[in-house]
Amino acid sequence: MSQKKEEPFSISWLTDLPYRYSMGPIALRFFEELKETGKFLGIKCKKCGKVYFPPRAICADCLVEMTLDEMFDIGHEGTLDGFTVVNYPFVDPNTGETRPFPYGYGAIKLLGADTWMLHFVDETDPDKVKPGMRVKAVIKPKGERKGTLEDIPYFRAVEKK
Ligand SMILES: [Zn+2]
């Protein structure tokens, strides 16, 4: 007796899930500074000296609460310590659209920081990327910045002088 093949059962729907997120004073200061001046603010734990970029409110190592007074301009340059080329369509959560691919994505440690930031990299050829290579953030002009990570379109290799 043959078994009847059933079609898979599926339901599709769109769900609207609005929410509000309180980012706290440290992240708020970071995004305000990015929008107004284009500067990156890191934060240094006053107990252990660990430097975080992006900044965070609590030191992950010693659990000390950090304050706005410990934030400082950390600059735009760092090293590219991890890298991949994304060759797969992903929905960009910022736009709801599929991000054009391929694109480079990397772990960047700003000079003076002890932590990494994951962000886009303006390179899709792995042969052109060396571990630890110097990169610099590209920042949108002041009138185009909104105080979000989209104000930093990508990092690019620093030109050799
Ligand atoms: Zn600490």
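Some notes on this structure:
- For region 34-58, a tally of residues being part of a strand (DSSP E or B), within 16 Å of the ligand (Cβ to nearest atom) and buried (at least 17 other Cβ atoms within 10 Å of the Cβ) returns 5.
- Counting residues in region 99-121 that are surrounded by 13 or more Cβ atoms within 10 Å (Cβ to Cβ), polar (S, T, N, Q) and within 16 Å of the ligand (Cβ to nearest atom) gives one or more.
- Check on Gly96, open to solvent by less than 30 Å² (accessible area, probe 1.4 Å), more than 16 Å from the ligand (Cβ to nearest atom) and without any contact (Cβ under 8 Å) to a residue 60 or more places away in the chain: no
- Restricting the first member to region 41-63 and to residues that are more than 11 Å from Phe30 (Cα to Cα), and the second to residues that are assigned to a loop (DSSP other than H, G, I, E, B) and more than 11 Å from the ligand (Cβ to nearest atom), the beta-carbon pairs closer than 6 Å and six or more apart or on different chains are Val51/Gly112; Val51/Ala113; Tyr52/Thr115.
- Test: residue in region 122-138 that is under 18 Å from Thr37 (Cα atoms) and surrounded by fewer than 18 Cβ atoms within 10 Å (Cβ to Cβ): yes
- Filtering region 59-81 to residues that are within 15 Å of the ligand (Cβ to nearest atom), hydrophobic (A, V, I, L, M, F, W, C) and either part of a loop (DSSP other than H, G, I, E, B) or open to solvent by 50 Å² or more (accessible area, probe 1.4 Å) (or both) leaves Cys59, Ala60, Cys62, Leu63, Val64, Met66.
The values are calculated or read from the model by the stated rules, or taken from the named source; none is laboratory data. Only a predicted model underlies this, so the values are computations on that prediction, with no experimental measurement involved. Glycine gets a Cβ as well: all are built from the backbone with ideal geometry, and neighbour counts include every protein chain shown. These accessible areas exclude ligands, DNA and RNA; they are computed on the full protein's heavy atoms, side chains included. Shrake-Rupley method; radii C 1.70, N 1.55, O 1.52, S 1.80 Å.
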